[in-house]
Amino acid sequence: MTTYEDPASLGGSPSRAKPGPGGELTATAERVRRSVERVIEGKPEVVRLALTVLLAEGHLLIEDVPGVGKTMLAKALARSVDCSVRRIQFTPDLLPSDITGVSVFDQRQRDFEFKPGAVFAQIVIGDEINRASPKTQSALLEAMEERQVTMDGRTYALPSPFMVVATQNPLEMEGTYPLPEAQRDRFMARVSIGYPSPEAELQMLDVHGGTSPLDDLHPVAHAHEIVQLVDAVRTVHMAEPVRRYAVELVAATRTHPDLRLGASPRATLHLLRAAKAAAALAGREYVLPDDLQSLAVAVLAHRLLPTAQAQLNRRSAEQVVLEILHHTPVPDPSAQWPSAPRGY
């Protein structure tokens, strides 16, 4: 039987759930956040983004140089929730059937039997995803978008909740392949952990020096609780002006002179869902433009392709998104905030 830790044992005072789904969401998310931060020190914004993606039914891409804790973050998030977890180590010789599964002939039944692959789990950790060939990477496309796998004409549904947490090294590293545009577009957000501060690194030496903190990590939330929280996030209200603001932000990427590929309509949906999750984590039942602004770079930048001239000028996709945020008019808050939040 799995033991669930009390939030007080994770540091600080216990979180008291307020009445209604918002309070339950805040309390459960706080337990998961504290659990992950026991392993990932000094990066609260990264942990919060990972939680946001989980509650928004998205997939997370963690991109950074080796050794900064990408896989540790993915494992900590997976171990904090009582659900099925599978890890896929992407290598150049990995086959698509290793991910999705394969049909094997059963001699006794005289028929083919489907053997599920590693993708049949609630949280799938794809370690160093860009070290496999694009053909193998593409095996995840159907699973990530439709939450199902089709094999030999039959469709198999994936469990709920379902989340892919993938890590990758920058393309400048040896032995890496670029992710196909279609796959990058299926990741809701991309995050970089970065190097820790000197204080956090000193603390890491104390915590990680002897044993791995993952060994002492126990689930603090049930999978069915996460499903309930996902349903609660869907009910968060987003008013027409805020929805229009989201569409204008994404549409601006399609006409920007420094980009040869802008964000897709799927990016607009991902930005909307992530903003709802961020609002719920903040204890609100409505989305503010601030939620969209805080998530725009993480949700949009990895989908964009700069032009050759922009690359020569060292213009990154992140800089373009920040420029779009600066120039896109924000809805007037005086009409609805905070006097009539239901308008938003």
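The values are calculated or read from the model by the stated rules, or taken from the named source; none is laboratory data. Quick caveat: nothing in here was measured; it's all calculated off a predicted structure. Positions of Cβ are backbone-derived with ideal geometry, glycine not excepted, and every protein chain shown enters the neighbour counts. Note: accessible area is taken over every heavy atom of the protein model, side chains too, but ligands, DNA and RNA are not part of it. Shrake-Rupley method; radii C 1.70, N 1.55, O 1.52, S 1.80 Å.
Checking the conditions here, which among Glu181, Glu113, Glu128 is at positive phi and either modelled with pLDDT of 85 or more or not small (Gly, Ala, Ser) (or both)? Before the answer, list the steps.
Numbers: Glu181 fails: at positive phi; Glu113 fails: at positive phi.
Glu128 is the lone residue from the list that is at positive phi and either modelled with pLDDT of 85 or more or not small (Gly, Ala, Ser) (or both).
The rows are residues; the columns are (1) at negative phi; (2) surrounded by 14 or more Cβ atoms within 10 Å (Cβ to Cβ); (3) among the β-branched types (Val, Ile, Thr).
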position: Arg190; (1), (2), (3): yes, yes, no
position: Gln203; (1), (2), (3): yes, yes, no
position: Asp206; (1), (2), (3): yes, no, no
position: Asp231; (1), (2), (3): yes, no, no
position: Val250; (1), (2), (3): yes, yes, yes
position: Thr255; (1), (2), (3): yes, no, yes
position: Leu271; (1), (2), (3): yes, yes, no
position: Leu288; (1), (2), (3): yes, yes, no
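Taking residues in the range 210-229 that are more than 15 Å from Leu51 (Cα to Cα), and partners anywhere that are of a type in the set (A, V, I, L, M, F, W, C) and open to solvent by 20 Å² or more (accessible area, probe 1.4 Å), the pairs with Cβ atoms closer than 9 Å and at least 6 places apart or on different chains are Ser212/Met72; Pro213/Met72; Pro213/Val207; Leu214/Met72. Of the residues screened, Leu249 is not one that is aliphatic (A, V, I, L, M), under 21 Å from His327 (Cα atoms) and touching a strand residue (DSSP E or B) at 6+ places or on another chain (Cβ under 9 Å). Of the numbered criteria (1) farther than 26 Å from Leu77 by Cβ; (2) of a type outside the set (Phe, Trp, Tyr); (3) touching a helix residue (DSSP H, G or I) at 6+ places or on another chain (Cβ under 8 Å); (4) surrounded by 15 or more Cβ atoms within 10 Å (Cβ to Cβ), the one Ile99 fails is (1).
Within the range 142-161, not a single residue is under 28 Å from Asp290 (Cα atoms), assigned to a strand (DSSP E or B) and not β-branched (Val, Ile, Thr). When you look at Asp98, is it part of a loop (DSSP other than H, G, I, E, B) and of a type in the set (Asp, Glu), yes or no? It is false that Asp98 is part of a loop (DSSP other than H, G, I, E, B) and of a type in the set (Asp, Glu). Does Arg254 count as touching a Gly at 6+ places or on another chain (Cβ under 7 Å) and at pLDDT 90 or above? Taking the combined requirement at face value, the residue satisfies it. For the range 98-111, which positions are over 19 Å from Ala157 (Cβ atoms) and either in contact with an Asp or Glu (Cβ under 7 Å, 6 or more places away or on another chain) or among the hydroxyl-bearing types (Ser, Thr, Tyr) (or both)? Val104, Asp106 - these are the residues of the range 98-111 that are over 19 Å from Ala157 (Cβ atoms) and either in contact with an Asp or Glu (Cβ under 7 Å, 6 or more places away or on another chain) or among the hydroxyl-bearing types (Ser, Thr, Tyr) (or both).
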